[in-house]
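One structure below.
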């Protein structure tokens, strides 16, 4: 189908005819819908409000064994890291940082550590970043594994 018009007035007339047939707005459509907004919803009072209000402020407690940080304050209620593990983790992180500063490629270091973690029972570490390995996965490891990794990195 081909439409041809010889003037702009013909185009305007054609568009006016189409407006009504395609569900477009009519000229008085705004007037017909004005003032029909629904009433605002009021908050419910009753059982829901009472249930939330009845809890005491001290009822919430973070889970035990939450995140810990090696260099800062531990999270509230978090289990503290064993000093032996913390020392080994810090030694390993020192060796990792030293290797990176000496020019070792970070990706190679990340892949090697991910392989070591996978053999220690952390296969999900394969997609972790180097920072995640240092901050999350190394503190989760047992002392014998950390000692072995540290030795393999040239530590004594």
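The values are calculated or read from the model by the stated rules, or taken from the named source; none is laboratory data. This structure is a prediction, so every number in the text was calculated from the model and none was measured. We place every Cβ from the backbone using ideal geometry, glycine too, and count neighbours over all the protein chains shown.
Here are the numbers for the structure shown:
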{"item": "Residues (without any contact (Cβ under 8 Å) to a residue 60 or more places away in the chain and outside any helix (DSSP H, G or I)) located in segment 133-156", "result": "141, 142, 154, 156"}
{"item": "Residue within segment 104-117 that is loosely packed, with under 12 Cβ neighbours inside 10 Å and under 21 Å from the mean Cα position of the chain (by Cα) present", "result": "no"}
{"item": "Number of the condition not met by residue 81 [criteria: (1) touching a helix residue (DSSP H, G or I) at 6+ places or on another chain (Cβ under 8 Å); (2) in a helix (DSSP H, G or I)]", "result": "(2)"}
{"item": "Only one of 19, 25 that is modelled with pLDDT of 70 or more and either outside any helix (DSSP H, G or I) or surrounded by 10 or more Cβ atoms within 10 Å (Cβ to Cβ) (or both)", "result": "19"}
